[in-house]
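Below is one structure; the comments refer to it alone.
The values are calculated or read from the model by the stated rules, or taken from the named source; none is laboratory data. Predicted model, so just to flag it, every value in this text is computed and none were measured. Here the Cβ positions follow ideal geometry from the backbone for every residue, glycine too, while neighbour counts run over all protein chains shown. Quick note on the areas: whole protein, heavy atoms, side chains included, nothing else; ligands and nucleic acids left out. Shrake-Rupley method; radii C 1.70, N 1.55, O 1.52, S 1.80 Å.
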Protein chains: 2
Amino acid sequence: MQWAVSSDMLVEGRHFLSTVPPAALGHKALAVNLSDLAACGATPVSFTLALALPRVDEEFLEGLSQGLFALADAVGIELVGGDTTAGPLNLCITVMGEVPAGRALLRSGARPGDELWVSGQLGDARLALEVFRGRLSLPEADFAQARRAMEWPQPRLALGQALRGVASSAIDLSDGLLGDLGHILRRSQVGATLEWAELPRSALVARQSPSVQADCLLAGGDDYELLFTAPATGHAQVLAAAQAAQTAVRRIGCITAQPGCRIVDANGAPWQGALPRAFDHFLAE
Amino acid sequence: MQWAVSSDMLVEGRHFLSTVPPAALGHKALAVNLSDLAACGATPVSFTLALALPRVDEEFLEGLSQGLFALADAVGIELVGGDTTAGPLNLCITVMGEVPAGRALLRSGARPGDELWVSGQLGDARLALEVFRGRLSLPEADFAQARRAMEWPQPRLALGQALRGVASSAIDLSDGLLGDLGHILRRSQVGATLEWAELPRSALVARQSPSVQADCLLAGGDDYELLFTAPATGHAQVLAAAQAAQTAVRRIGCITAQPGCRIVDANGAPWQGALPRAFDHFLAE
(Lines give C-alpha, C1' and ligand atoms only; values in the text may rest on other atoms or scores of the structure.)
Protein backbone atom coordinates (compact mmCIF):
# COMPACT_ATOMS: atom_id res chain seq x y z
CA MET A 1 0.00 0.00 0.00
CA GLN A 2 1.01 3.62 -0.48
CA TRP A 3 0.04 6.47 1.79
CA ALA A 4 -2.19 9.28 0.62
CA VAL A 5 -2.16 12.43 2.73
CA SER A 6 -4.15 15.64 2.53
CA SER A 7 -3.86 18.73 4.71
CA ASP A 8 -6.06 21.82 4.64
CA MET A 9 -6.10 24.93 6.79
CA LEU A 10 -9.36 26.82 7.25
CA VAL A 11 -9.26 30.43 8.42
CA GLU A 12 -12.29 32.36 9.66
CA GLY A 13 -13.42 35.05 7.24
CA ARG A 14 -11.62 33.41 4.37
CA HIS A 15 -12.77 29.79 4.19
CA PHE A 16 -15.83 30.12 6.35
CA LEU A 17 -18.03 32.88 7.69
CA SER A 18 -18.47 33.54 11.39
CA THR A 19 -22.15 32.72 10.82
CA VAL A 20 -21.46 29.10 9.85
CA PRO A 21 -23.11 26.59 12.19
CA PRO A 22 -20.22 24.93 14.11
CA ALA A 23 -21.44 21.44 13.15
CA ALA A 24 -21.28 22.37 9.48
CA LEU A 25 -17.78 23.76 9.97
CA GLY A 26 -16.64 20.51 11.59
CA HIS A 27 -18.17 18.49 8.80
CA LYS A 28 -16.73 20.60 6.01
CA ALA A 29 -13.22 20.85 7.47
CA LEU A 30 -12.97 17.07 7.35
CA ALA A 31 -14.97 16.67 4.13
CA VAL A 32 -12.64 18.83 2.02
CA ASN A 33 -9.67 16.69 3.03
CA LEU A 34 -11.55 13.45 2.43
CA SER A 35 -12.45 14.81 -1.01
CA ASP A 36 -8.74 15.08 -1.83
CA LEU A 37 -8.28 11.43 -0.86
CA ALA A 38 -11.35 10.48 -2.90
CA ALA A 39 -9.74 12.13 -5.93
CA CYS A 40 -6.78 9.79 -5.76
CA GLY A 41 -8.87 6.71 -5.08
CA ALA A 42 -7.54 6.31 -1.55
CA THR A 43 -9.24 4.78 1.46
CA PRO A 44 -9.04 7.13 4.48
CA VAL A 45 -7.61 5.62 7.67
CA SER A 46 -7.19 8.36 10.28
CA PHE A 47 -6.86 12.10 10.79
CA THR A 48 -5.35 14.74 13.03
CA LEU A 49 -6.92 18.05 14.05
CA ALA A 50 -5.06 21.18 15.10
CA LEU A 51 -7.26 23.97 16.34
CA ALA A 52 -6.55 27.56 17.35
CA LEU A 53 -9.38 29.19 19.28
CA PRO A 54 -9.64 32.81 20.46
CA ARG A 55 -11.33 31.64 23.67
CA VAL A 56 -12.91 28.51 25.12
CA ASP A 57 -16.44 28.31 23.74
CA GLU A 58 -18.23 25.14 24.88
CA GLU A 59 -21.14 25.52 22.50
CA PHE A 60 -18.87 26.05 19.50
CA LEU A 61 -16.68 23.05 20.41
CA GLU A 62 -19.71 20.86 21.01
CA GLY A 63 -21.12 21.68 17.58
CA LEU A 64 -17.76 21.41 15.83
CA SER A 65 -17.13 17.98 17.36
CA GLN A 66 -20.57 16.75 16.49
CA GLY A 67 -20.21 17.61 12.80
CA LEU A 68 -16.63 16.35 12.65
CA PHE A 69 -17.19 13.00 14.33
CA ALA A 70 -20.48 12.28 12.56
CA LEU A 71 -18.55 12.33 9.27
CA ALA A 72 -15.52 10.53 10.72
CA ASP A 73 -17.78 7.75 12.00
CA ALA A 74 -19.67 7.60 8.71
CA VAL A 75 -16.47 6.95 6.77
CA GLY A 76 -14.90 4.81 9.51
CA ILE A 77 -11.84 6.86 10.47
CA GLU A 78 -10.45 7.90 13.84
CA LEU A 79 -8.93 11.07 15.24
CA VAL A 80 -5.42 9.95 16.19
CA GLY A 81 -3.86 13.15 17.44
CA GLY A 82 -3.66 16.87 17.18
CA ASP A 83 -3.17 20.10 18.98
CA THR A 84 -5.26 22.81 20.61
CA THR A 85 -4.04 26.31 21.27
CA ALA A 86 -5.19 29.87 21.82
CA GLY A 87 -5.11 32.09 18.74
CA PRO A 88 -7.19 33.50 15.91
CA LEU A 89 -9.72 30.83 14.84
CA ASN A 90 -7.97 28.33 12.59
CA LEU A 91 -8.58 24.65 11.86
CA CYS A 92 -5.98 22.43 10.28
CA ILE A 93 -6.96 18.87 9.46
CA THR A 94 -4.61 16.28 8.00
CA VAL A 95 -6.19 13.08 6.71
CA MET A 96 -4.14 9.97 6.08
CA GLY A 97 -5.25 7.16 3.82
CA GLU A 98 -3.89 4.33 1.76
CA VAL A 99 -4.10 3.10 -1.77
CA PRO A 100 -2.68 -0.06 -3.38
CA ALA A 101 0.83 0.71 -4.64
CA GLY A 102 0.86 2.23 -8.10
CA ARG A 103 -2.95 2.43 -8.30
CA ALA A 104 -3.55 5.99 -7.10
CA LEU A 105 -5.50 8.22 -9.48
CA LEU A 106 -3.29 11.09 -10.61
CA ARG A 107 -3.80 14.35 -12.46
CA SER A 108 -1.28 13.41 -15.12
CA GLY A 109 -2.90 10.45 -16.85
CA ALA A 110 -5.44 12.07 -19.22
CA ARG A 111 -4.90 11.14 -22.89
CA PRO A 112 -6.36 12.57 -26.13
CA GLY A 113 -9.62 10.77 -26.91
CA ASP A 114 -10.45 10.13 -23.24
CA GLU A 115 -13.93 11.06 -22.13
CA LEU A 116 -14.28 13.73 -19.43
CA TRP A 117 -16.68 13.02 -16.57
CA VAL A 118 -18.00 14.73 -13.48
CA SER A 119 -19.97 13.40 -10.50
CA GLY A 120 -23.09 14.91 -8.97
CA GLN A 121 -24.21 18.43 -9.83
CA LEU A 122 -22.29 21.67 -10.01
CA GLY A 123 -22.91 25.19 -8.81
CA ASP A 124 -25.34 25.08 -5.88
CA ALA A 125 -22.59 25.97 -3.40
CA ARG A 126 -21.58 28.99 -5.46
CA LEU A 127 -25.18 30.24 -5.44
CA ALA A 128 -25.13 30.27 -1.64
CA LEU A 129 -21.87 32.20 -1.67
CA GLU A 130 -23.40 34.82 -3.99
CA VAL A 131 -26.26 35.22 -1.52
CA PHE A 132 -23.85 35.63 1.41
CA ARG A 133 -21.93 38.17 -0.66
CA GLY A 134 -25.16 40.12 -1.20
CA ARG A 135 -24.98 39.80 -4.98
CA LEU A 136 -28.01 37.58 -5.33
CA SER A 137 -31.20 36.95 -3.46
CA LEU A 138 -33.07 33.65 -3.45
CA PRO A 139 -36.38 32.41 -2.04
CA GLU A 140 -35.90 30.84 1.37
CA ALA A 141 -36.22 27.19 0.26
CA ASP A 142 -33.77 27.77 -2.62
CA PHE A 143 -31.26 29.40 -0.32
CA ALA A 144 -31.58 26.48 2.11
CA GLN A 145 -30.76 24.05 -0.72
CA ALA A 146 -27.79 26.11 -1.90
CA ARG A 147 -26.49 26.57 1.63
CA ARG A 148 -26.72 22.83 2.30
CA ALA A 149 -24.53 22.22 -0.74
CA MET A 150 -21.99 24.81 0.46
CA GLU A 151 -21.87 23.72 4.10
CA TRP A 152 -22.35 19.96 3.88
CA PRO A 153 -20.32 18.70 0.90
CA GLN A 154 -20.17 14.92 0.53
CA PRO A 155 -16.72 13.54 -0.30
CA ARG A 156 -16.99 11.01 -3.15
CA LEU A 157 -14.89 8.32 -1.51
CA ALA A 158 -16.78 5.30 -2.85
CA LEU A 159 -16.63 6.66 -6.39
CA GLY A 160 -12.91 7.44 -6.17
CA GLN A 161 -12.13 3.92 -4.99
CA ALA A 162 -14.40 2.37 -7.65
CA LEU A 163 -12.55 4.37 -10.34
CA ARG A 164 -9.14 2.84 -9.55
CA GLY A 165 -8.01 1.10 -12.73
CA VAL A 166 -10.90 2.71 -14.62
CA ALA A 167 -10.20 6.45 -14.66
CA SER A 168 -7.03 7.74 -16.34
CA SER A 169 -6.89 10.92 -14.21
CA ALA A 170 -8.95 12.59 -11.49
CA ILE A 171 -9.20 15.71 -9.32
CA ASP A 172 -11.78 17.01 -6.89
CA LEU A 173 -13.58 20.27 -7.65
CA SER A 174 -12.67 22.71 -4.94
CA ASP A 175 -11.83 25.79 -7.01
CA GLY A 176 -14.33 25.47 -9.85
CA LEU A 177 -14.52 23.37 -12.99
CA LEU A 178 -12.28 25.43 -15.28
CA GLY A 179 -9.57 25.95 -12.70
CA ASP A 180 -9.42 22.33 -11.60
CA LEU A 181 -9.70 21.02 -15.17
CA GLY A 182 -6.72 23.25 -15.90
CA HIS A 183 -4.66 21.24 -13.39
CA ILE A 184 -5.43 18.00 -15.23
CA LEU A 185 -4.73 19.56 -18.63
CA ARG A 186 -1.40 21.02 -17.58
CA ARG A 187 -0.22 17.89 -15.77
CA SER A 188 -1.34 15.64 -18.62
CA GLN A 189 -0.17 18.05 -21.36
CA VAL A 190 -3.47 17.83 -23.21
CA GLY A 191 -6.51 20.02 -23.96
CA ALA A 192 -10.24 19.52 -23.60
CA THR A 193 -13.60 20.20 -25.17
CA LEU A 194 -16.40 20.87 -22.68
CA GLU A 195 -20.06 20.49 -23.67
CA TRP A 196 -21.96 23.31 -21.99
CA ALA A 197 -25.34 21.61 -22.23
CA GLU A 198 -24.03 18.48 -20.52
CA LEU A 199 -22.77 20.17 -17.35
CA PRO A 200 -24.98 18.69 -14.62
CA ARG A 201 -26.93 21.34 -12.71
CA SER A 202 -29.83 21.39 -10.31
CA ALA A 203 -33.17 22.88 -11.33
CA LEU A 204 -32.23 25.72 -9.00
CA VAL A 205 -29.08 26.57 -10.96
CA ALA A 206 -30.87 26.03 -14.27
CA ARG A 207 -33.36 28.77 -13.28
CA GLN A 208 -30.64 31.40 -12.89
CA SER A 209 -29.56 33.94 -15.51
CA PRO A 210 -27.02 32.79 -18.12
CA SER A 211 -24.16 34.73 -16.51
CA VAL A 212 -24.94 33.38 -13.03
CA GLN A 213 -25.12 29.87 -14.46
CA ALA A 214 -21.75 30.34 -16.14
CA ASP A 215 -20.20 31.47 -12.85
CA CYS A 216 -21.78 28.60 -10.94
CA LEU A 217 -20.97 25.83 -13.39
CA LEU A 218 -17.57 26.89 -14.71
CA ALA A 219 -16.03 28.68 -11.74
CA GLY A 220 -18.22 27.64 -8.83
CA GLY A 221 -15.82 26.28 -6.31
CA ASP A 222 -16.76 24.28 -3.23
CA ASP A 223 -18.52 21.59 -5.28
CA TYR A 224 -16.29 18.76 -4.03
CA GLU A 225 -17.40 16.57 -6.90
CA LEU A 226 -14.91 14.40 -8.79
CA LEU A 227 -13.76 15.45 -12.25
CA PHE A 228 -12.10 12.56 -14.06
CA THR A 229 -11.13 11.14 -17.42
CA ALA A 230 -11.31 7.61 -18.78
CA PRO A 231 -10.64 6.01 -22.15
CA ALA A 232 -13.74 6.00 -24.39
CA THR A 233 -13.44 2.22 -24.48
CA GLY A 234 -14.00 2.23 -20.73
CA HIS A 235 -17.37 4.05 -20.93
CA ALA A 236 -19.35 1.08 -19.59
CA GLN A 237 -16.80 0.51 -16.81
CA VAL A 238 -17.22 4.11 -15.65
CA LEU A 239 -20.98 3.67 -15.50
CA ALA A 240 -20.57 0.39 -13.59
CA ALA A 241 -18.18 2.03 -11.11
CA ALA A 242 -20.64 4.89 -10.59
CA GLN A 243 -23.46 2.45 -10.01
CA ALA A 244 -21.37 0.44 -7.55
CA ALA A 245 -20.61 3.68 -5.71
CA GLN A 246 -24.25 4.81 -5.94
CA THR A 247 -23.07 8.14 -7.31
CA ALA A 248 -24.40 9.89 -10.41
CA VAL A 249 -21.79 10.71 -13.07
CA ARG A 250 -22.11 12.56 -16.36
CA ARG A 251 -19.92 12.66 -19.47
CA ILE A 252 -19.27 16.37 -20.05
CA GLY A 253 -16.69 16.43 -22.82
CA CYS A 254 -13.50 14.88 -24.07
CA ILE A 255 -9.75 15.26 -23.97
CA THR A 256 -7.96 16.61 -27.04
CA ALA A 257 -4.39 16.67 -28.24
CA GLN A 258 -4.81 20.38 -28.97
CA PRO A 259 -3.92 22.36 -25.85
CA GLY A 260 -6.37 24.70 -24.09
CA CYS A 261 -10.06 24.30 -23.45
CA ARG A 262 -12.96 24.80 -25.84
CA ILE A 263 -16.55 25.05 -24.69
CA VAL A 264 -19.17 23.99 -27.22
CA ASP A 265 -22.96 24.22 -27.32
CA ALA A 266 -25.39 21.38 -27.97
CA ASN A 267 -24.65 21.57 -31.71
CA GLY A 268 -20.92 21.40 -31.28
CA ALA A 269 -20.55 25.08 -32.18
CA PRO A 270 -18.46 27.40 -29.95
CA TRP A 271 -20.47 28.28 -26.84
CA GLN A 272 -21.51 31.93 -26.97
CA GLY A 273 -21.84 32.56 -23.23
CA ALA A 274 -19.67 34.97 -21.29
CA LEU A 275 -16.80 33.22 -19.55
CA PRO A 276 -16.37 34.02 -15.84
CA ARG A 277 -13.70 36.65 -15.31
CA ALA A 278 -10.17 35.34 -14.75
CA PHE A 279 -10.73 32.59 -17.25
CA ASP A 280 -10.36 34.59 -20.47
CA HIS A 281 -6.82 33.29 -20.78
CA PHE A 282 -8.12 29.78 -20.55
CA LEU A 283 -9.81 29.37 -23.91
CA ALA A 284 -7.75 28.00 -26.76
CA GLU A 285 -7.13 30.66 -29.35
CA MET B 1 4.96 -1.36 10.53
CA GLN B 2 2.66 1.00 12.40
CA TRP B 3 2.19 4.66 11.61
CA ALA B 4 3.24 7.35 14.06
CA VAL B 5 1.78 10.79 13.48
CA SER B 6 2.35 14.12 15.20
CA SER B 7 0.65 17.44 14.51
CA ASP B 8 1.45 20.81 16.08
CA MET B 9 0.06 24.26 15.44
CA LEU B 10 2.25 27.28 16.13
CA VAL B 11 0.63 30.68 16.60
CA GLU B 12 2.52 33.98 16.58
CA GLY B 13 2.70 35.61 19.99
CA ARG B 14 1.97 32.35 21.73
CA HIS B 15 4.45 29.77 20.47
CA PHE B 16 6.93 32.15 18.93
CA LEU B 17 7.73 35.83 19.09
CA SER B 18 7.53 38.10 16.08
CA THR B 19 11.26 38.65 16.58
CA VAL B 20 12.16 35.02 15.87
CA PRO B 21 14.43 34.62 12.85
CA PRO B 22 12.28 32.94 10.15
CA ALA B 23 14.86 30.17 9.66
CA ALA B 24 14.69 29.32 13.35
CA LEU B 25 10.89 29.27 13.18
CA GLY B 26 10.97 26.87 10.23
CA HIS B 27 13.45 24.65 12.04
CA LYS B 28 11.55 24.61 15.31
CA ALA B 29 8.10 24.04 13.77
CA LEU B 30 9.39 20.81 12.25
CA ALA B 31 11.67 19.91 15.18
CA VAL B 32 8.89 19.86 17.78
CA ASN B 33 6.91 17.37 15.70
CA LEU B 34 9.97 15.23 15.05
CA SER B 35 10.58 15.26 18.80
CA ASP B 36 7.16 13.63 19.32
CA LEU B 37 8.10 10.91 16.85
CA ALA B 38 11.47 10.48 18.58
CA ALA B 39 9.63 9.91 21.86
CA CYS B 40 7.82 6.90 20.46
CA GLY B 41 10.89 5.50 18.74
CA ALA B 42 9.50 6.13 15.26
CA THR B 43 11.38 6.83 12.05
CA PRO B 44 10.00 9.92 10.29
CA VAL B 45 9.00 9.50 6.65
CA SER B 46 7.29 12.66 5.41
CA PHE B 47 5.47 15.78 6.49
CA THR B 48 2.82 18.29 5.45
CA LEU B 49 2.87 22.03 6.08
CA ALA B 50 -0.18 24.29 6.28
CA LEU B 51 0.62 27.96 6.54
CA ALA B 52 -1.54 31.03 7.08
CA LEU B 53 0.23 34.30 6.28
CA PRO B 54 -1.08 37.85 6.78
CA ARG B 55 0.64 38.90 3.56
CA VAL B 56 3.16 37.62 1.07
CA ASP B 57 6.59 38.26 2.56
CA GLU B 58 9.37 36.88 0.36
CA GLU B 59 12.09 37.34 2.93
CA PHE B 60 10.10 35.59 5.63
CA LEU B 61 9.20 32.68 3.35
CA GLU B 62 12.78 32.35 2.17
CA GLY B 63 14.06 32.11 5.74
CA LEU B 64 11.28 29.83 6.88
CA SER B 65 11.91 27.42 4.00
CA GLN B 66 15.61 27.43 4.59
CA GLY B 67 15.27 26.40 8.24
CA LEU B 68 12.53 23.90 7.52
CA PHE B 69 14.21 22.12 4.64
CA ALA B 70 17.66 22.08 6.22
CA LEU B 71 16.19 19.97 9.04
CA ALA B 72 13.99 17.91 6.69
CA ASP B 73 17.06 17.09 4.58
CA ALA B 74 19.13 16.32 7.66
CA VAL B 75 16.65 13.69 8.83
CA GLY B 76 15.81 12.49 5.31
CA ILE B 77 12.12 13.36 5.04
CA GLU B 78 10.12 15.06 2.31
CA LEU B 79 7.35 17.64 2.23
CA VAL B 80 4.50 15.73 0.58
CA GLY B 81 1.70 18.27 0.66
CA GLY B 82 0.05 21.09 2.46
CA ASP B 83 -1.81 24.30 2.14
CA THR B 84 -1.13 28.04 2.00
CA THR B 85 -3.69 30.68 2.78
CA ALA B 86 -4.11 34.28 3.90
CA GLY B 87 -4.77 34.75 7.61
CA PRO B 88 -3.17 35.53 10.95
CA LEU B 89 0.30 33.90 11.01
CA ASN B 90 -0.11 30.22 11.82
CA LEU B 91 1.97 27.15 10.98
CA CYS B 92 0.63 23.65 11.24
CA ILE B 93 2.99 20.78 10.56
CA THR B 94 2.00 17.13 10.56
CA VAL B 95 4.84 14.61 10.53
CA MET B 96 4.25 10.97 9.59
CA GLY B 97 6.57 8.19 10.56
CA GLU B 98 6.65 4.47 11.08
CA VAL B 99 7.68 2.07 13.78
CA PRO B 100 7.75 -1.75 13.78
CA ALA B 101 4.34 -3.06 14.92
CA GLY B 102 4.06 -3.27 18.69
CA ARG B 103 7.47 -1.69 19.28
CA ALA B 104 6.50 1.97 19.76
CA LEU B 105 7.64 3.53 23.03
CA LEU B 106 4.58 4.54 25.06
CA ARG B 107 3.94 6.61 28.17
CA SER B 108 2.25 3.72 29.92
CA GLY B 109 5.07 1.22 30.39
CA ALA B 110 6.97 2.53 33.44
CA ARG B 111 7.20 -0.01 36.31
CA PRO B 112 8.28 0.38 39.97
CA GLY B 113 12.03 -0.12 40.19
CA ASP B 114 12.68 1.24 36.69
CA GLU B 115 15.40 3.84 36.38
CA LEU B 116 14.41 7.29 35.14
CA TRP B 117 16.61 8.88 32.47
CA VAL B 118 16.85 12.10 30.51
CA SER B 119 18.89 13.07 27.45
CA GLY B 120 20.98 16.19 26.98
CA GLN B 121 20.71 19.14 29.35
CA LEU B 122 17.70 20.93 30.73
CA GLY B 123 16.72 24.54 31.16
CA ASP B 124 18.73 26.65 28.72
CA ALA B 125 15.62 27.34 26.60
CA ARG B 126 13.71 28.54 29.65
CA LEU B 127 16.49 30.98 30.49
CA ALA B 128 16.07 32.60 27.07
CA LEU B 129 12.32 32.87 27.62
CA GLU B 130 12.92 34.62 30.95
CA VAL B 131 15.13 37.14 29.17
CA PHE B 132 12.50 37.75 26.48
CA ARG B 133 9.93 38.18 29.24
CA GLY B 134 12.14 40.81 30.85
CA ARG B 135 12.47 38.88 34.11
CA LEU B 136 16.16 38.13 33.77
CA SER B 137 19.13 39.67 32.10
CA LEU B 138 22.13 37.74 30.85
CA PRO B 139 25.51 38.65 29.37
CA GLU B 140 25.38 38.61 25.58
CA ALA B 141 27.22 35.30 25.08
CA ASP B 142 25.06 33.57 27.70
CA PHE B 143 21.89 34.88 26.07
CA ALA B 144 23.10 33.67 22.69
CA GLN B 145 23.60 30.16 24.12
CA ALA B 146 20.18 30.15 25.77
CA ARG B 147 18.47 31.50 22.68
CA ARG B 148 20.11 28.83 20.52
CA ALA B 149 18.62 26.17 22.80
CA MET B 150 15.19 27.78 22.57
CA GLU B 151 15.17 28.38 18.82
CA TRP B 152 17.11 25.42 17.47
CA PRO B 153 16.05 22.33 19.46
CA GLN B 154 17.45 19.03 18.17
CA PRO B 155 14.93 16.19 18.00
CA ARG B 156 16.42 13.03 19.54
CA LEU B 157 15.41 10.71 16.73
CA ALA B 158 18.46 8.43 16.83
CA LEU B 159 18.12 7.99 20.58
CA GLY B 160 14.39 7.24 20.38
CA GLN B 161 14.97 4.56 17.76
CA ALA B 162 17.88 3.06 19.70
CA LEU B 163 15.67 2.84 22.80
CA ARG B 164 13.08 0.57 21.15
CA GLY B 165 13.03 -2.63 23.16
CA VAL B 166 15.24 -0.98 25.82
CA ALA B 167 13.10 1.78 27.37
CA SER B 168 9.86 0.86 29.15
CA SER B 169 8.28 4.30 28.55
CA ALA B 170 9.24 7.62 27.01
CA ILE B 171 8.03 11.18 26.38
CA ASP B 172 9.65 14.29 24.99
CA LEU B 173 10.08 17.33 27.21
CA SER B 174 8.01 20.12 25.71
CA ASP B 175 6.21 21.42 28.80
CA GLY B 176 8.88 20.95 31.47
CA LEU B 177 10.22 17.97 33.42
CA LEU B 178 7.57 17.80 36.17
CA GLY B 179 4.63 18.25 33.82
CA ASP B 180 5.83 15.70 31.29
CA LEU B 181 6.95 13.24 33.96
CA GLY B 182 3.42 13.56 35.32
CA HIS B 183 2.09 12.17 32.01
CA ILE B 184 4.25 9.05 32.36
CA LEU B 185 3.31 8.60 36.01
CA ARG B 186 -0.42 8.91 35.38
CA ARG B 187 -0.44 6.68 32.33
CA SER B 188 1.75 4.09 34.05
CA GLN B 189 0.00 4.42 37.43
CA VAL B 190 3.28 4.76 39.30
CA GLY B 191 5.24 7.42 41.19
CA ALA B 192 8.82 8.66 40.99
CA THR B 193 11.77 9.87 42.99
CA LEU B 194 13.82 12.59 41.28
CA GLU B 195 17.41 13.31 42.34
CA TRP B 196 17.88 17.08 42.19
CA ALA B 197 21.67 16.92 41.99
CA GLU B 198 21.55 14.56 39.01
CA LEU B 199 19.43 16.79 36.76
CA PRO B 200 21.76 17.62 33.85
CA ARG B 201 22.32 21.34 33.42
CA SER B 202 24.71 23.57 31.56
CA ALA B 203 27.27 25.68 33.41
CA LEU B 204 25.06 28.60 32.43
CA VAL B 205 22.03 27.23 34.27
CA ALA B 206 24.20 26.08 37.19
CA ARG B 207 25.30 29.73 37.69
CA GLN B 208 21.73 30.96 38.21
CA SER B 209 19.98 31.50 41.56
CA PRO B 210 18.35 28.45 43.18
CA SER B 211 14.83 29.56 42.28
CA VAL B 212 15.74 30.25 38.64
CA GLN B 213 17.45 26.86 38.46
CA ALA B 214 14.35 25.19 39.87
CA ASP B 215 12.17 26.88 37.24
CA CYS B 216 14.56 25.99 34.45
CA LEU B 217 15.16 22.36 35.41
CA LEU B 218 11.77 21.32 36.73
CA ALA B 219 9.37 23.43 34.69
CA GLY B 220 11.50 24.70 31.84
CA GLY B 221 9.62 23.70 28.75
CA ASP B 222 10.96 23.73 25.20
CA ASP B 223 13.82 21.37 26.07
CA TYR B 224 12.79 18.70 23.55
CA GLU B 225 14.96 16.16 25.30
CA LEU B 226 13.71 12.60 25.87
CA LEU B 227 12.59 11.55 29.34
CA PHE B 228 12.38 7.77 29.60
CA THR B 229 12.36 4.80 31.94
CA ALA B 230 14.05 1.42 31.67
CA PRO B 231 14.40 -1.58 33.98
CA ALA B 232 17.45 -1.30 36.26
CA THR B 233 18.69 -4.56 34.72
CA GLY B 234 18.83 -2.72 31.39
CA HIS B 235 21.20 0.01 32.64
CA ALA B 236 24.04 -1.07 30.36
CA GLN B 237 21.70 -1.36 27.39
CA VAL B 238 20.55 2.22 27.90
CA LEU B 239 24.14 3.42 27.92
CA ALA B 240 24.88 1.39 24.78
CA ALA B 241 21.80 2.83 23.02
CA ALA B 242 22.88 6.35 23.98
CA GLN B 243 26.38 5.73 22.69
CA ALA B 244 25.02 4.30 19.42
CA ALA B 245 22.88 7.42 19.08
CA GLN B 246 25.78 9.69 20.08
CA THR B 247 23.50 11.36 22.61
CA ALA B 248 24.32 12.01 26.26
CA VAL B 249 21.88 10.51 28.79
CA ARG B 250 21.74 10.74 32.58
CA ARG B 251 19.99 8.66 35.21
CA ILE B 252 17.99 11.17 37.25
CA GLY B 253 15.88 9.01 39.55
CA CYS B 254 13.67 5.98 39.73
CA ILE B 255 10.09 4.84 39.46
CA THR B 256 8.22 3.93 42.65
CA ALA B 257 5.04 2.05 43.42
CA GLN B 258 4.03 4.93 45.70
CA PRO B 259 2.14 7.52 43.62
CA GLY B 260 3.30 11.14 43.26
CA CYS B 261 6.76 12.54 42.85
CA ARG B 262 9.43 13.08 45.48
CA ILE B 263 12.51 15.21 44.87
CA VAL B 264 15.55 14.31 46.95
CA ASP B 265 18.93 15.96 47.50
CA ALA B 266 22.35 14.34 47.09
CA ASN B 267 21.95 12.63 50.50
CA GLY B 268 18.55 11.19 49.69
CA ALA B 269 16.83 13.67 52.02
CA PRO B 270 13.82 15.66 50.79
CA TRP B 271 15.02 18.51 48.54
CA GLN B 272 14.51 21.84 50.31
CA GLY B 273 14.22 24.06 47.23
CA ALA B 274 11.10 25.98 46.28
CA LEU B 275 9.03 24.13 43.74
CA PRO B 276 7.96 26.18 40.70
CA ARG B 277 4.43 27.46 41.10
CA ALA B 278 1.67 25.20 39.75
CA PHE B 279 3.52 22.13 40.90
CA ASP B 280 2.71 22.24 44.62
CA HIS B 281 0.02 19.64 44.01
CA PHE B 282 2.57 17.42 42.40
CA LEU B 283 4.61 16.34 45.40
CA ALA B 284 3.56 13.20 47.22
CA GLU B 285 2.16 14.04 50.65
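How big is the accessible area of residue B:223 in square angstrom, nearest 10, if you roll a 1.4 angstrom probe over the protein chains?
20
Whenever you get a sec, compute what percent of the accessible area on the stretch B:72-222 sits on carbon and sulfur atoms (1.4 Å probe).
46
Calculate for chain A the 222 nm mean residue ellipticity that helices alone would give, adding -39,500 (n - 2.57) per DSSP H run of length 4 or more and normalising by residue count, nearest 500 deg cm²/dmol.
-10500 deg cm²/dmol
Taking only protein heavy atoms into account and a 1.4 Å probe, give the accessible area per residue of the stretch A:1-137 in Å².
40
Taking each label point as 7 Å beyond Cα in the direction of the beta carbon, state the distances from residue A:101 to the same residue in the other copies, shortest first, in nm.
Distances to the matching label points in the other copies: 1.7 nm.
Counting heavy atoms of the protein chains only and a 1.4 Å probe, report the per residue accessible area for the stretch B:186-245 as a whole number of Å².
Here the residues of the stretch B:186-245 average 41 Å² of exposed surface.
How long are the semi-axes of the equivalent ellipsoid of the stretch B:109-195, defined as square roots of 5 times the Cα gyration tensor eigenvalues? Whole Å, largest first.
Semi-axis lengths for the stretch B:109-195 are 30, 16, 10 Å.
For residue B:231, place a label point 7 Å from Cα along the Cα-to-Cβ direction in every copy; what are the distances to the other copies, in nm, shortest first?
Between copies, matching label points for residue B:231 lie 6.0 nm apart.
At what distance in angstrom do the alpha carbon centres of the stretch A:36-53 and the stretch A:179-196 lie from each other?
Centre-to-centre (Cα) distance: 26 Å.
Run the 1.4 Å probe and let me know the accessible area of residue B:251, rounded to the nearest 10 Å².
70
Copy-to-copy spacing for residue A:73, label 7 Å out on the Cα-to-C-beta vector, in nm, shortest first?
Listed shortest first, these distances are 4.8 nm.
At a probe radius of 1.4 Å, figure out the A/B buried accessible area, summed over both chains, and give it in Å² to the nearest 100.
On the way: alone 13240 and 13240 Å², together 24440 Å².
Roughly 2000 Å² of accessible surface disappears when A and B pair.
Quick one: order B:3, B:152, A:117 from most to least accessible surface, probe 1.4 Å.
B:152, B:3, A:117
For chain B, what's the relative contact order in percent, using C-alpha pairs closer than 8 Å and at least 6 residues apart?
24
What figure in square angstrom, to the nearest 10, would you give for the accessible area of residue B:69 with a 1.4 Å probe?
Surface accessible to solvent at residue B:69 totals approximately 70 Å².
Over all directions, the average projected area of the alpha-carbon convex hull for the protein assembly as shown comes to how many nm²? Provide the component values of the computation, followed by the final result.
Numbers: hull surface 115.1 nm².
For the protein assembly as shown, averaging the hull's shadow over all directions gives 28.8 nm².
For peptide A:46-56, what's the mean number of Cβ atoms from other chains within 10 Å of each residue's Cβ?
Mean number of neighbouring Cβ atoms from other chains: 3.
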